[in-house]
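Below is one structure; the comments refer to it alone.
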Amino acid sequence: MIKKIALAGALAATASFATWDKFPVLEAGKGQAKVGVGYDMQGDYSDLGMYAGARYTVIQGLELGLAVPFRFYSDFDGNDLKADGLGNIPLMVRYQFMPTMNAFVDVNLPVGDDSYNDDAWNFHAGVQFSQKFGMIDLGTEAGLAITTEGDDEVSPPWELNIGAEADFVLGGPVTPYVGIDMNMLLGEYTHDGDELPGSDESGTLGLWIYAGVGYAINQMISLDASFGFGIGEDYYGEDTPMSIDVNAKFNF
């Protein structure tokens, strides 16, 4: 159960920067900074953290990104878990090879505080497709994540993700949106390269559903608030994980 709580917390903490978004990259020479606060909860567990990141399109179609998460506290049933501090840092690269399609690679650097971060490397790669349908901007993604062994020499199963987000462009400063991400485990846990008996998690499925609203103050600054929750007892555990995120974006 604790493992599933940690999994849900890690998902919620990194969701705000997973491949940044599912839409086309910015124009060459343009960038965006993002600063936000996230609150996660699952049963008796909760944590509060913040993050800051930036993305920049160095040449037409090629976007580089970086995020720095930091957890202020984590609590379980009123007890401080003392699992806080710097999180693992994701480096993000996206390349828009067609007007409607991107390829991406994310690498999580294992530099976070040992109290709640594994020292394993995580690699996430895939493709994205986006298209406008009238007032709806649709963004989709399919990817595969691989995590290496940590100090415990245990490597988790590979993980497939498929997701979609619909942004409703109303013509004013307010943009509501909804999205869903499916995560499916593929394979078994291994210890020092050997399969752990009874650890095959193939087909274990979790759904992350979210909704939010963005508000553009002007062309340079926008605000965003969202709420998300997970479905899938085998993936998340008995208690439903939930997350609240509030952030500000600054274009440059």
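The values are calculated or read from the model by the stated rules, or taken from the named source; none is laboratory data. Bear in mind that the values here come from a model prediction, so they are computed numbers and not experimental data. A quick note on method: Cβ atoms are made from the backbone with ideal geometry, for glycine too, and the neighbour counts reach across all protein chains shown.
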Q: Name the one entry in Tyr56, Tyr39 that is without any contact (Cβ under 8 Å) to a residue 60 or more places away in the chain, aromatic (Phe, Trp, Tyr), part of a strand (DSSP E or B) and touching a strand residue (DSSP E or B) at 6+ places or on another chain (Cβ under 9 Å).
A: Tyr56
Q) Do you know which residues across the stretch 101-147 are more than 15 Å from the chain's Cα centre (by Cα), of a type in the set (Phe, Trp, Tyr) and closer than 21 Å to Val25 by Cβ? A) Phe129, Phe133
Q: Restrict the check to the stretch 182-203 and report whether at least one residue is within 25 Å of Phe133 (Cβ to Cβ) and either touching a Ser or Thr at 6+ places or on another chain (Cβ under 7 Å) or in contact (Cβ under 8 Å) with a residue 24 or more places away in the chain (or both).
A: yes
(Q) Which residue is nearest to Trp20 (Cα to Cα), if the candidates are limited to the stretch 70-117 and must be charged (D, E, K, R) and exposed (fewer than 14 other Cβ atoms within 10 Å of the Cβ)? (A) Asp114
Q) Can you tell which of Thr204, Thr190, Thr148 is among the β-branched types (Val, Ile, Thr), surrounded by fewer than 15 Cβ atoms within 10 Å (Cβ to Cβ), more than 28 Å from Pro99 (Cβ to Cβ) and touching a strand residue (DSSP E or B) at 6+ places or on another chain (Cβ under 8 Å)? A) Thr148
Q: Answer with yes or no whether Gly126 is part of a loop (DSSP other than H, G, I, E, B) and either closer than 13 Å to Lys22 by Cα or in contact with a strand residue (DSSP E or B) (Cβ under 9 Å, 6 or more places away or on another chain) (or both).
A: no
Q. Just wondering, is there one or more residues in the stretch 153-163 that are touching a Pro at 6+ places or on another chain (Cβ under 8 Å), touching a residue at least 12 places away in the same chain (Cβ under 8 Å) and surrounded by fewer than 16 Cβ atoms within 10 Å (Cβ to Cβ)?
A. no
Q) Could we say that Met92 is in contact with an Asp or Glu (Cβ under 6 Å, 6 or more places away or on another chain) and either among the aliphatic types (A, V, I, L, M) or more than 28 Å from Met242 (Cα to Cα) (or both) here? A) yes
Q: Given the conditions (1) surrounded by 15 or more Cβ atoms within 10 Å (Cβ to Cβ); (2) of a type outside the set (Lys, Arg); (3) more than 24 Å from Phe123 (Cβ to Cβ), report the number of the one that Gly171 does not fulfil.
A: (1)
**Q.** Number of positions in the stretch 205-238 that are of a type in the set (Ser, Thr, Tyr), farther than 16 Å from Ala33 by Cα and not in a helix (DSSP H, G or I)
**A.** 2
**Q.** Failed item in (1) hydrophobic (A, V, I, L, M, F, W, C); (2) modelled with pLDDT of 95 or more; (3) touching a Ser or Thr at 6+ places or on another chain (Cβ under 9 Å); (4) closer than 24 Å to Asp47 by Cα, with Trp121 passing the rest
**A.** (2)
